[in-house]
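Notes follow once the structure below has been shown.
We did not get these values from a lab; they are worked out from the coordinates using the rules stated. Small disclaimer: the values here were computed from a predicted structure and weren't measured. With ideal geometry, Cβ positions are generated from the backbone for all residues, glycine too; neighbour counts draw on all protein chains shown.
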Amino acid sequence: MDTTSCLRHFLILGTKASMWCEKHLQMTTTSVEEYQEENHARLFFQAFLDSLSFSSTTISALTNSPMFEEKELMLIVENFILRQLNLTKASISEMKRFHSIASEVLKVAQVVLDAAIRLCRAYAQDIEWASTEALTNEDEGSTADGRVNNMAHVINIITCAIEHLYDLGILAASGGGSLVTILNISWKGVVTLLQLGKGVLADKINIGDFILSLISLAIESLRCAAGVWSSSSFMETLAVAEAKRTFLPIKFYLINAVRICSQYPCQALLVYKEIGLCVLMISTFGISLTKESHLKAASEVLAEFLEPTSFLLLLTLINSDEVKNESKLQILDWLFTDASHLSSMHPEEILNTCTDSTTSICNRIFTVTCDDMPRARTLMLGRLSLFLNIIKVAPDLKEEIVLGISMRLKCLLDILVNAEIYSSILVLQIPVLCGSGTTAELVWNPLFPFILHALKTFMVVAALSPAWGEVESFLLANFLHPHFLCWEIIMDLWCFLIRHAETDMINDSIDRLLSLFKMMASSEPALLPGCSLRRMARSICMLLHYAAPSTIDRVYTSIFSDDKSHLAYIMYTALLVEGFPLTSLSDNLIKIAHQRILSAFFGFIENSVNKLGVDNSWRPYSSGVLGVVSMYALSTVLQSLQISSSDLDDKNFSRVLKFAVAVIHGCQNATNGSDKDQLSKLLGQTLEIISHTNHLFASDEMEEVILELHKLFAAGSSASETWLYQCKPALASFMAGLSRMQMAEGDGSETCSAVWELFQTLLRERHWAFVHLALTSFEYFAARSSCDQLWRFVPPDAALSCDMEAGNEAREDQFMSEFKGFLEKEAAVLTVTPCSKQLSLLEKEGLLLKETIGKYSNIEAEISVQGIVEITSDNHVKKKRKLPDGINEGMTLLQSGLRAVGDGLALWKQQSDDSKELQDELSSQLLCLEGVISHLVGLADSV
């Protein structure tokens, strides 16, 4: 009927009826005897339902005819809406007490809530929103503009509706699955109404409480799931459908929190710590799930459903135009600048962290507070993951955020140096969502490459913004980072820069590194292994291997041009010893480098021979000579430049071999441990040079070198000293080169006898590395030498002569058998045809694999059979009872309808990108519906 003329009376009637129902509802639930009488309860419940239905109809009438005529009428409307929402909330909270009409109450309550939301939207559209300052003195009605009172009236109604919907949302979240529809309509209503009159409602409602409640609901649900999955009794493999059913409500809470934050970023800023903690908890929990194979489905669903949504919750704040830059940086500071303590944990704390069970880890994740977060070791992997996700989306961030992140890159290294973290990222694989929309695909990626990819993405973005200066400073400051993994990451980023940046940027970066290199060389002239200068040189040489030839020429010219400067000589030597890419220089510079290196090499050995001949206490590092390091650098370069006989005259032949003899004498006469160590290294490099210079073996001075080596290694008392072991690998290379000499094999040949005994010394070594070196050397010598009496080179107590089964008994045939096997293995490396023994081993392994697969196939077949039929003790198939046709037909229709809705939704997503939020919401509800229908079908099949 038309209620336009008498709606005031219906509002008063509805208000009184709601008050009466609410009063009697309280009496009914107090178990007073007269209110428990059956007839009275039936009449009251009917009146209660009629009152709710009357309320929804009246609210709909109000929606069609807004009443803004007079203040008294507006107060009646406000009071009416308040009473209806109170009654609705009371009915849902006490619904469990009257089971007979619970479903009817639920349906009517939904209608009332929906009508209230539509009323608020209609009222909001019929007024012009003013500023909050215009609402002064509204209670006295002293303002001139009637719209101000209208606006105050509408604000009161909307505020009341939002607060009641919020309370219902909290109530429905704890009410279980029976209140899913109330949960959905309440929180959606809150989000919808908060969009109305944004500037005014922010002062009337505590938005932060709404966000905190949603976050708390999400965290509590995660805590419950973690408690179940991490318990010792839960060992079965979690199904994807079960994980989705668990995470869908949590995603619902997070989505609504994101929507509220996007509408009210300044109000959400007040609870940024709670938001950040929620995101960290979800990231950490996701990584902890990847460590358990039976929870792989949960980790995948979390990466697909929760992690992107929770990350969007934080991204909404730090990328909002309404939030000041100072506040954004404050969020980044709280999340990422207090990580230096992580590298200073006590060893016992690290051990306890590494040995904790999954159960205790999950419990600790969800018990961390905002005050504890900066020092919470449990969330370290989550902080790492969050940092990587932020820098991965750097192309979508504003310039001030990119700059802020670039200033906090050190936090990433502070996290990585922790033992638990770097040991984890070397082995962990995480699920990563690649792509977007319908093309998104979940793939498992190793964590370490993911870190490198994220940092490289950030470098590309920062290179086009003011943040590049901070990034470059970060790369320079950590160029020699003491932690091995951090150094690897920094060097990978530098190599990426050298490979892909523009020439001007590369040259500028290289110039900065060279300036730092020169400063270090002036303050640290020594080139001891592992020193900062050597590490700096090694890093620069690593970069130059990826640089263009013009860049390498530029570096060589800038450092090596001033060969008279002592500082330049130090830098020159450091780069050579660490592998400067000389072969990548231009042809002209290669020739210049060739001549300079030869000149320096022969100048060095001549000076050293003179000093060794005069003073037996000579130290290779004295008198401004760089000694062992210089020799190592020169020997390495000489090998790579392939010195030919035309480069060395007879005088130079004599110099090299005289130097070798002088160094051997120095080793024999040295008494100081440091001198022995340096001279043994120098001898090793000298022997390496000789072994790679073929024409030196034809010199007459070579016999003297052999005899002196025999005295040092085979006949001398120092042969057993440990400091000589570091040059025995070079001795093996030298001995292999003796195959180029012509030797008389008679017993009277002193040189030949020395060679025999030197080989015997090598072959007696029982360390596996020396065994391999000695056999390799002897193999090369035996294959090319003119000597026929090779048995003289092998001692009876050679390492491979010992019979492993019989003990230490040495047998000649045992050595020959092992040596033959060694030769066969060496030959097999150069061939692609496997030997019969290898084929037999492969065949045996194939049979074992086939047998194992057969066992698993039989098990799967048995499981499949048991899943189809159930066998009774009498080997008869259990007969299933047939359901009524209506139920089966209904199940079929439900499944068909579900498929039709899914196909329609997929087609909508392909044809239109609009209404993205609505599409996502429909997808979420469709998944819930799919789970319910699947459960019903399962019940039907089990009957």
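General remarks:
- With neighbours defined as other Cβ atoms within 10 Å of a residue's Cβ, the residues 246, 63, 369 order from fewest to most as 369, 63, 246.
- The stretch between residue 464 and residue 50 holds 142.3 nm of extra length on full extension. This uses 0.36 nm per residue minus the Cα-Cα distance.
- Each other residue within a Cβ distance under 14 Å of residue 170 adds +1 if Lys or Arg and -1 if Asp or Glu, for a net charge of -3.
- Restricting the GluC sites (Glu not before Pro) of the range 173-279 to loop positions (DSSP other than H, G, I, E, B) with no more than 16 neighbouring Cβ atoms within 10 Å leaves 236.
- Radius 11 Å from Cβ of residue 21, net charge of other residues (Lys, Arg +1; Asp, Glu -1): +1
- Förster-model FRET efficiency, 30 Å R0, residue 100 and residue 26, C-beta, rounded to 0.05: 0.95
- Burial ranking of peptide ranges 252-262, 468-478 (average Cβ count within 10 Å, highest at the top): 252-262, 468-478
- With R₀ set to 22 Å, the beta-carbon distance separating residue 126 from residue 10 gives a calculated FRET efficiency near 0.60.
- Cβ-defined net charge surrounding residue 529, 15 Å radius [Lys, Arg +1; Asp, Glu -1]: +1
- Site pair residue 590 and residue 654 shows an inter-label distance of 3.3 nm when each label is modelled 7 Å from Cα along Cα→Cβ.
- Pair residue 364, residue 843: separation of 7 Å Cα→Cβ label points (nm): 5.5
- Once both labels are positioned 7 Å from their Cα atoms along Cα-to-Cβ, the gap between residue 496 and residue 790 label points is 5.3 nm.
- Fully extended contour minus Cα-Cα distance, from residue 239 to residue 477, at 0.36 nm per residue: 80.9 nm
- At an R0 of 56 angstrom, the distance between the Cβ atoms of residue 606 and residue 410 translates into a FRET efficiency of 0.65.
- Cβ crowding within 10 Å averaged over residues, with 316-324, 764-772, 486-494 ranked highest first: 486-494, 316-324, 764-772
- Cβ charges +1 (Lys, Arg) and -1 (Asp, Glu), total dipole of the range 505-567, debye: 200
- Cross-link pairs beyond the 20 Å C-alpha cut-off, checked among 328/456; 676/728; 820/844; 728/820; 89/188; 251/456: 328/456; 820/844; 728/820; 251/456
- For the range 149-168 versus the range 174-219, the inter-centroid distance based on Cα atoms is 13 Å.
- Listed by Cβ neighbour count within 10 Å, with the fewest neighbours leading, 74, 151 appear as 74, 151.
- For the listed peptides 532-541, 81-90, a ranking on the average number of other beta carbons within 10 Å per residue, highest first, reads 81-90, 532-541.
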